[in-house]
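For reference, the structure discussed in these notes is given below.
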Amino acid sequence: MASPPVAALFQVTIPGHAGSVDEFGLWRTPPGATPSGAVAYDLSAGRERPGAPAGPAATEASVWHVELPTDRQQARAALLQERERLARAERALPDASRRLRAFVRDDMRRTASGEVAAFAVRPPVGALRAPPERELWARVRAATAPADDRADSFAAFGLSPGDWDDVARQAADLFDRVHQSLQHLTLVESAADGHRRGLTSVGWSGHLQTAWSSGVGPDAVEQHLISLELALRTRALWLRLAARVAGGSIELGLLFPTNPLLAVPAAWKFFSDVLVLARELEETPPRPATT
């Protein structure tokens, strides 16, 4: 009887950053991780693991750790699955920007034509079928309610004032994560069964230096290189997402005339919802055809 697949583990620790959930659904913060970011490593020896007590060689670095199954096929399948996950995110980002622009354009048109009031509890009939647009519409309407009715308006849309605080914190988290991840040295480590296979340092200029553990074969080398690709590709995608959220919030700010700063968390939530929806749609197996 074949043994069940062993799940791969993708973790990242970023200096100065307490940790958060990756919008692309790939990386996690290790339990109990602290944002100090001081790690000791020795590329020439290739033995000392990131997270060891800081010593003379310690430096601040973003540590991307990939723990893979020892089975070659399981490890490769896990890496290729996450590579496809990032590819889906790359496809979803331009679509999210397009949808946000369309939302702003259509909402301004409806308001100007009187089809829907600036503050209305119900969306226009037949519009806003997709969940991200529906929630964004609710946030815009709740935020544009008269000040005296603000608390009631949040409740009417199933929102709470504290919800805005949570979303604003998560939006700020993205920008801080991008800043911190680009500011520090990057270390990417691949391992299996608790033993390191490869460790690559990525300098600020993009210079790469890799140390291999003894006895590493071609499969482990390939797995480490894909792990490195996933780490650097995620970091680049975080930057692209932050840029699109910033640009989208400028467009969305037209719908928040009394408090345009609310457009930033609203834009982040919209992009996040579109990314989640894209994952769910592409990961859901097709239904069998009926006769």
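The values are calculated or read from the model by the stated rules, or taken from the named source; none is laboratory data. This is a predicted model, so every value here is computed, not measured. All Cβ positions, even for glycine, are placed from backbone atoms using ideal geometry, and neighbour counts span all protein chains on display.
For this structure, a couple of remarks:
- Answer from Glu222, Glu280, Glu229 - the residue that is under 25 Å from Leu68 (Cα atoms), out of contact with any Lys or Arg (no Cβ under 9 Å at 6 or more places or on another chain) and either surrounded by fewer than 16 Cβ atoms within 10 Å (Cβ to Cβ) or of a type in the set (Val, Ile, Thr) (or both): Glu280
- Test: residue in region 58-81 that is assigned to a helix (DSSP H, G or I), modelled with pLDDT of 55 or more, within 30 Å of Ala168 (Cβ to Cβ) and touching a Phe, Trp or Tyr at 6+ places or on another chain (Cβ under 9 Å): no
- Condition met for Ser181 (closer than 20 Å to Ser20 by Cβ, in contact (Cβ under 8 Å) with a residue 24 or more places away in the chain, among the small types (Gly, Ala, Ser) and in contact with a strand residue (DSSP E or B) (Cβ under 7 Å, 6 or more places away or on another chain)): yes
- Which listed residue is at pLDDT below 65, of a type in the set (Asp, Glu) and either in a helix (DSSP H, G or I) or in contact with a strand residue (DSSP E or B) (Cβ under 6 Å, 6 or more places away or on another chain) (or both), from Asp149, Asp107: Asp149
- Those strands (runs of 3 or more DSSP E) of region 164-273 in which 1 or more residues are acidic (Asp, Glu) occupy 185-192.
- Of the residues examined, Thr144 is not one that is β-branched (Val, Ile, Thr), at pLDDT 90 or above and surrounded by 13 or more Cβ atoms within 10 Å (Cβ to Cβ).
- Contacts under 6 angstrom Cβ, first residue in region 81-99 being closer than 17 Å to Ala266 by Cα, partner surrounded by 18 or more Cβ atoms within 10 Å (Cβ to Cβ) and among the β-branched types (Val, Ile, Thr), 6 or more apart: Ala96/Val274
- One residue alone among Glu280, Glu229, Glu222, Glu251 is over 24 Å from Ala78 (Cα atoms) and of a type in the set (D, E, K, R), and that residue is Glu251.
- Flag for Ala263 being at pLDDT 90 or above, crowded, with 18+ Cβ neighbours inside 10 Å and under 30 Å from Thr111 (Cα atoms): yes
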